[in-house]
Each structure stands twice: as structure tokens, then as C-alpha cells.
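Notes for the one structure printed next.
The values are calculated or read from the model by the stated rules, or taken from the named source; none is laboratory data. A quick note: this is a predicted structure, and the numbers were derived from the prediction, not measured. FYI the Cβ positions are ideal-geometry reconstructions off the backbone, even for glycines, and counts take in every protein chain you see.
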Amino acid sequence: MRQSYIEELLKKPAWMFFLFSWLFYLIGLFLFSHLVWDSNTYLYDYKGNDFEEWLSSVRRIDLVRYVLSPLWVITISAVIWILIKAGLVVSRIEFNTALLFKIIFLGFFFISLPFWIKSVWLILFEGSYTPDRLKYFFPGSMVSFVDTSEMKLTMVKAISRFNLFHLSFMLFTAWMISFYSPLNYIRSFLLVFSTYGFGLALLQCIIIVIAM
């Protein structure tokens, strides 16, 4: 039953998967950038003279991020596709190009979840927070298990990429690949972990070393 539903879902065109994953990412980005980082939060530790003009410049930067968000989703998805496809090729597993993109676009929902979770938690449950709280708040990540008091923000952000959301993306993607390939679930996960997972970990380790 579940597998037949997934098969029917994946028959839909790839642009629909991209559209929904992009809208989910865009709405989450807007919630965090505009409603969590509201004017009162920015004003909390602002030291300049013309706050309204400065805030307008920040909102223009936010607007640029919104406009470029579809390109961001496509670029990240394409990089992930290349990594996983390379693993499939090395493993001599044939896999439909469009189908893999659909699976990655679906999995992108997991990668976009941090914006939603942070926004909902901070707005509904905390209500009052400081800019420092926002900068170092990474739920579901390894940041919760390390002392960040002496770390640069760049290093903290790199560590935050090791989180449950990327793990969920890998678990989901491996599960979907196992439906449409000779690989069982364990081997599918190892393939995704050794390509996308390794690439993500390597990039963050490079960032951490540079930030030290």
C-alpha cells in the first residue's frame, strides 16, 4: 500500500517536486528572517544612529535571499544529485536521472526543517529572546553537546550541520533508492552516507579548520 502510493507520487513531473520543496524552504526562510528576526530583535543590540535606514538595508538583503532561493534549492539539489549519482555509477547501479532528482527534492523538506522548527519554537514557546540566542540556537544538532562559548560563529554554524535533519535526509533518500534499485536499505544508506554524508562532513571540517 505504502509502496504503491510512493510509486504514484513519483510519477508526477520533477518540476512539481521542485516547486513544493522550494516553497517549503522559502516560507521557512521568511518566517525565520522576517518574523523571528523582527525589528525588536535587531534593535536589542543596535549601536548605530539611524536604525530604520539600517533595517531597510537588512530587509533588502533578505529580499535578495528570497529571490535567489530557487537557485539555491536547485544548486544544492544538483550537488547532492552529482554525489549520489557518482556513488551509483561506481556501484554499477543504473538509476533514472529524473527519479533521483524527485527523491532529492522530496528529501529537501528535511533539510529545510530547521527554519520551521526554530521559528515555531521561538515564536510560540519562548516569545522573548536575544540576538545571541538566535545566533547560537541550533536544535537537533551537535551544537547542543559541545561548549561553544569560546568558538567563532562560523565554527558553530559548521558544527550545526551535523544534525538530525541531514541524517533524516540520508535515511529517507536511502529508503527511496532501495525501492528502485537492487540495493537493500542498508546498502542504500551506506551509499548515501559515503557520498552525500561524506561530502557534507568534509566541507564542514574544512570550514572548522579555516575558522580556527
I'd like to check something: does the range 177-184 contain any residue that is closer than 18 Å to ILE80 by Cβ, among the β-branched types (Val, Ile, Thr) and in contact (Cβ under 8 Å) with a residue 12 or more places away in the chain? yes
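Pull up the range 70-82, narrow it to residues that are surrounded by fewer than 17 Cβ atoms within 10 Å (Cβ to Cβ) and not β-branched (Val, Ile, Thr), then point me to the one that is farthest from TRP22 (Cα to Cα). Step through it out loud before you land on a result.
Pass one, the range 70-82, residues surrounded by fewer than 17 Cβ atoms within 10 Å (Cβ to Cβ): 70-72, 74-76, 78-79, 82.
Adding the requirement that they be not β-branched (Val, Ile, Thr) leaves 70-72, 78.
Values: PRO70: 6, LEU71: 9, TRP72: 9, ALA78: 14 Å.
Here the residue is ALA78.
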Just one of ILE84, ILE111, ILE104, ILE80 is within 18 Å of ARG187 (Cβ to Cβ), in a helix (DSSP H, G or I) and in contact with a helix residue (DSSP H, G or I) (Cβ under 6 Å, 6 or more places away or on another chain); which is it? ILE84
Condition check for ILE207: under 20 Å from ILE80 (Cα atoms) and either surrounded by 20 or more Cβ atoms within 10 Å (Cβ to Cβ) or in contact (Cβ under 8 Å) with a residue 40 or more places away in the chain (or both): yes
Per the filter on the range 166-176, residues in contact (Cβ under 8 Å) with a residue 24 or more places away in the chain and either surrounded by fewer than 18 Cβ atoms within 10 Å (Cβ to Cβ) or within 21 Å of LEU99 (Cβ to Cβ) (or both) are SER168, PHE169, MET170, PHE172, THR173, MET176
Might you check whether a residue that is under 11 Å from VAL36 (Cβ atoms), in contact (Cβ under 8 Å) with a residue 24 or more places away in the chain and crowded, with 16+ Cβ neighbours inside 10 Å occurs anywhere in the range 125-147? no
Inside the range 15-69, can you point out the residues that are surrounded by 15 or more Cβ atoms within 10 Å (Cβ to Cβ), polar (S, T, N, Q) and farther than 25 Å from TYR136 by Cβ? SER21
Considering only the range 174-212, how many residues are farther than 23 Å from LEU106 by Cβ and assigned to a loop (DSSP other than H, G, I, E, B)? 1
Among the residues of the range 158-173, write down those that are in a helix (DSSP H, G or I), within 22 Å of ASP147 (Cβ to Cβ) and hydrophobic (A, V, I, L, M, F, W, C). ALA158, ILE159, LEU164
With the checklist (1) under 17 Å from ALA78 (Cα atoms); (2) of a type in the set (S, T, N, Q); (3) surrounded by fewer than 18 Cβ atoms within 10 Å (Cβ to Cβ) in hand, flag the one item THR195 doesn't pass. (3)
PHE189 being out of contact with any Cys (no Cβ under 7 Å at 6 or more places or on another chain) and at pLDDT 90 or above: yes
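The rows are residues; the columns are (1) under 21 Å from LEU122 (Cβ atoms); (2) touching a Gly at 6+ places or on another chain (Cβ under 7 Å); (3) not aliphatic (A, V, I, L, M).
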residue: PRO139; (1), (2), (3): yes, no, yes
residue: VAL143; (1), (2), (3): yes, no, no
residue: THR148; (1), (2), (3): yes, no, yes
residue: ASN163; (1), (2), (3): yes, yes, yes
residue: LEU167; (1), (2), (3): no, no, no
residue: MET170; (1), (2), (3): no, yes, no
residue: THR173; (1), (2), (3): no, yes, yes
residue: SER188; (1), (2), (3): no, no, yes
residue: SER194; (1), (2), (3): no, yes, yes
Tabulated pairs, the range 89-103, first touching a residue at least 40 places away in the same chain (Cβ under 8 Å) and under 16 Å from LEU9 (Cα atoms), second among the hydroxyl-bearing types (Ser, Thr, Tyr) and in a helix (DSSP H, G or I), C-beta under 7 angstrom, 6+ apart or interchain: PHE101/SER77; ILE103/THR173
Quick count over the range 1-48, residues being modelled with pLDDT of 85 or more and closer than 17 Å to LYS102 by Cβ, is 14
